[in-house]
1. Given charges of +1 on the Cβ of Lys and Arg and -1 on the Cβ of Asp and Glu, with all other atoms neutral, how large is the dipole of the chain about its Cα centre, in debye to the nearest 20?
2. Looking at this model, which pairs from LYS247/LYS379; LYS193/LYS247; LYS76/LYS157 are more than 31 angstrom apart at the alpha-carbon?
3. ASP62 to ALA196: FRET efficiency via 1/(1 + (r/R0)^6), r the Cβ-Cβ distance, R0 56 Å, to the nearest 0.05?
4. Taking the chain as the reference, fit the longest principal axis to its C-alpha atoms, fit the long axis of helix 66-82 to the helix C-alpha atoms, and give the angle between the two in degrees, 0 to 90, nearest 10.
5. Check PHE117: other-chain or 5+ apart residues with amide H under 5 Å from its amide H, H built from backbone geometry?
6. If neighbour count is taken as other Cβ atoms inside 10 Å, put CYS59, CYS140 in order from fewest to most.
7. Residues with beta-carbon under 10 Å from that of ASP389, excluding ASP389: net charge, scoring Lys, Arg +1 and Asp, Glu -1?
8. Determine, from the Cβ-Cβ distance of ASP371 and LYS238 and an R0 of 30 Å, the FRET efficiency 1/(1 + (r/R0)^6), rounded to the nearest 0.05.
Amino acid sequence: MFKKLTALLLAALMCLGAVAMTACSGDGSEAETSELPISEVALDTDFEIPETFKIGFICLHDENSTYDKNFIDAAKRMQTALGLKDEQVIIKTNVEEGPACTDAARDLAGQGCAIVFANSFGHEGYLIPVAKEFPNVEFCHATGTKAHTEALDTDEKEGLKNFHNAFADIYQGRFLAGVAAGMKLNEMIKDGKITAEQAVIGYVGAFPYAEVVSGYTSFFLGARSVCPSVTMKVRYTKSWYNEAEEKSAAEALITKDKCVLISQHADSMGAPNACEVAGVPNVSYNGSTVAACPETFIVSSAINWTPYYVYIVKQVVTGKEIAVDWCGGIKEGSVVLSAINLDVAAEGTFEKIQELVTKIQAGELDVFDIDTFTVNGKKVESYLTDVDDFGDFAPETEAIKDGAFAESSDRSAPYFDIRIDGITELS
């Protein structure tokens, strides 16, 4: 028996749950928010799904982690959009990056899941062996790097065709969030709260990996595009999810490093809560924190995984191949921003972001334009990156194309790892 589904998935609108013009702040008051600055994207889900179809998800943490909550929320939106029953969507949480991932993947395949999706970088090495064991199951992995090399046929082995990587052009969203940050700094300078030289952003990063470097660099470039005097300081926690460490890093950036605005690439409420206590403006990640931090939250960028989930389901049930590497941006509804907190954001932020969204979509603005950054005072006109992950960490792919660093064009996972002028890594 089949279901005939024709649904419009309002991806960007649903992503961060910011459908209202106001959001409660936790003390009973309301923080005023704007409409979503990125337009909704409608996806046609007109295809047939068997009653026996199942999809399984493996998450590193649970909904207490903003990163994992983002994936889980997307899975629930996909379930609603496609009309799937609860027994057709199986979500496993708190699956560590180790043998537990292998066990979870085997269990999901054994339960009849046609697709198994894992969400953490460290899951990849434990997912691949299970993909080899179950050639009729499609294994999809977020943030990974090995799918396109595993798919290659060699004299020693046949390529692995049922393993896939996916990511999104989140650098677009981080750039736009950076613009919001830069406009806030300009407002603080204009109001005499800081000088131009004191426009220092603090950034709480998880690890010094390309994914984090790409993210904080695009955020910084967005801020500097409107506030030329801005600089940035980065502190790493060496963990994707550690609330105490993230809070401590944010506090150090504020008190010791004299940062006047904080952003993050880490998965807890540690940094936003530290900002709320200190009264320091904050740009969060993976969801609006306006309810908990109404006095400091400005905006948040996030990847919306729902379009990818719908895509892989459609490919499987219609008998088509899933892309080895898939990457969506604003145009696909995969990169979104939360509603802007008008109580904290600088005047004109909403309109400025909308203007830049139009330019990004029209190809008139490239986040990593090589004319917008230098290394040791020099333009970067050629740069080799390690796109083909054979474990040798050898850069082999030219990343500068048509005057810009072509992030995620040769592989879905980010590989921008250039340390540019204006940003200092402290730990």
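Where a number appears in this text, it was derived from the coordinates with a stated rule and is not lab data. The structure presented is a predicted model; accordingly, all values stated were derived computationally and were not measured. All Cβ positions, even for glycine, are placed from backbone atoms using ideal geometry, and neighbour counts span all protein chains on display.
1. On the way: 34 positive and 64 negative charges, 102 e Å.
The calculation lands at about 500 debye.
2. Details: LYS247/LYS379 35 Å; LYS193/LYS247 24 Å; LYS76/LYS157 38 Å.
Over 31 Å apart, Cα to Cα: LYS247/LYS379; LYS76/LYS157.
3. Working: r = 43 Å, r/R0 = 0.77.
Result of the calculation: an efficiency of 0.85.
4. Tilt of helix 66-82: around 50 degrees.
5. Amide H neighbours of PHE117: GLY56, PHE57, ILE58, CYS140.
6. Details: CYS59 25, CYS140 28.
Result, fewest neighbours first: CYS59, CYS140.
7. Details: positive: LYS146, ARG411; negative: GLU124, GLU150, ASP386, ASP388, ASP392.
Its environment carries a net charge of -3.
8. Numbers: r = 34 Å, r/R0 = 1.13.
Approximately 0.35, to the nearest 0.05.
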